[in-house]
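**Student:** Can you keep this structure in mind? I'll have questions shortly.
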Amino acid sequence: MLALKLSTSLCSLKSQALFNVWSLALNGTDEYVSADGIGNDINPNLGTYSVWINLGAHSANGFIMQSRNDTDNQISLYYHNGSSELRFIWKGSGTPTTVASGINPESDGKWHHVAATWNTTSNEAKIYVDGVLKGTETITSSFSGTVSLFDIGQNTASAGW
């Protein structure tokens, strides 16, 4: 299992119970994490994103976690503002497989565990919220190239979220 340890330089130690070297608080305006160097550690054919989120109010789509390359391939867990729900997208060769959760965690004040999985051998993309499977879709394309970019908390306007 690959885990991203952030260190105290990226997180606020307001309370040991809430903030530690495994967490961070983004300001919702222009902060996000770019960890492009871990791209080689992400398998575009089999994997899981797992994250705890407490999502405030948003006026745009925002990526919670996103792996991608420069040829229109991506693996993204995001909040879709237009439908007010968490979604997972696995996009290979320009053809997206989108899994909708039907869950809107925006401004509910609660922490939610979100996991998204992908497996191109079984051709499945899934999203779980708080341990419950919320959606499954069939992957119908192939990821070309390797993952070169990875971000946490970036919105669609290329700013923090």
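**Student:** Roughly how many percent of the accessible protein surface of segment 36-161 is carbon and sulfur, given a 1.4 Å probe and a whole-percent answer?
**Tutor:** Summing carbon and sulfur atoms, their accessible area is 47 percent of the total for segment 36-161.
**Student:** Can you tell me what the convex hull of the Cα atoms of segment 39-101 projects to on average, as an area in nm²? Write out the running numbers ahead of the final one.
**Tutor:** Numbers: hull surface 19.6 nm².
In nm², the orientation-averaged hull projection of segment 39-101 is 4.9.
**Student:** Please compute the Kirkwood hydrodynamic radius of segment 38-161 from all pairs of different C-alpha atoms, in Å with one decimal.
**Tutor:** Hydrodynamic radius (Kirkwood, Cα only) of segment 38-161 equals 14.4 Å.
**Student:** Using a probe radius of 1.4 Å on heavy atoms only, what accessible surface per residue do you get for segment 40-161? Whole Å² is fine.
**Tutor:** Result: 45 Å² of accessible area for each residue.
The values are calculated or read from the model by the stated rules, or taken from the named source; none is laboratory data. A quick note: this is a predicted structure, and the numbers were derived from the prediction, not measured. Protein only, heavy atoms only, side chains kept; ligands, DNA and RNA dropped before computing areas. Shrake-Rupley method; radii C 1.70, N 1.55, O 1.52, S 1.80 Å.
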